[in-house]
1. Within segment 18-67, track down each residue that is over 18 Å from Leu108 (Cβ atoms) and not aliphatic (A, V, I, L, M).
2. Just the residues that are assigned to a loop (DSSP other than H, G, I, E, B) and among the acidic types (Asp, Glu), please, taken from segment 81-134.
3. In segment 15-54, how many residues are free of Cβ contacts under 8 Å to residues at least 24 places away in the same chain and in a loop (DSSP other than H, G, I, E, B)?
4. Those residues that are of a type in the set (Gly, Ala, Ser) and within 17 Å of the chain's Cα centre (by Cα), I need them from segment 87-119; list them, please.
5. Check Asp91 against each of (1) surrounded by fewer than 17 Cβ atoms within 10 Å (Cβ to Cβ); (2) of a type in the set (Asp, Glu); (3) in contact with a helix residue (DSSP H, G or I) (Cβ under 8 Å, 6 or more places away or on another chain) and name the one condition it does not meet.
6. For Arg65, state whether it is of a type outside the set (A, V, I, L, M), modelled with pLDDT of 95 or more and in a helix (DSSP H, G or I).
Amino acid sequence: MVLRVLGKMMIPFIMLFALYVQFHGDYGPGGGFQAGVIFAAAIILYGLIFGIHNAMRVVPPDVVRVLIAAGVLLYASTGVAGLILGANFLDYDVLAKDPIEGQHIGILLIEFGVGTTVAAVMITIYFAFAGRQR
């Protein structure tokens, strides 16, 4: 009972912290990988407290698989956008008129793609191992 109450209180703050790490990553320590792991840890904690089937209802495995592909696609398309705009792959300077703003936009997109993919892969691994029958 205590774990369920504390879990309901803490999981939103864990997810909020993951967003902070995600969007603060271009200014300091952190970024997509760390934010993805923190976000996945919140879902895994939910699954440990409330059961794997409840976690799969909150975050359906089909949606998680789509998020894996969407994160990789976002990462790759950010790099291809640089190529289309006449620069090198993952050269962010050309993503905006001001090169510094282009760098900022590029890093945010790349880090968001990495965070999405990492979170989805970690959740998929948890679902695969926790959902198997003995």
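The values are calculated or read from the model by the stated rules, or taken from the named source; none is laboratory data. Remember, it's a predicted structure, so these values are computed and weren't measured experimentally. Every residue, glycine as well, gets a Cβ built from its backbone with ideal geometry; the counts of neighbours run over all protein chains shown.
1. Tyr46, Gly47, Phe50, Gly51, His53, Asn54, Arg57, Pro60, Pro61, Asp62, Arg65
2. Asp91, Asp98, listed by residue number.
3. Residues that pass the stated criteria total 5.
4. Hits for segment 87-119 are Gly106, Gly113, Gly115, Ala119.
5. All conditions are met except number (1).
6. Details: of a type outside the set (A, V, I, L, M): yes; modelled with pLDDT of 95 or more: yes; in a helix (DSSP H, G or I): yes.
So Arg65 passes the test.
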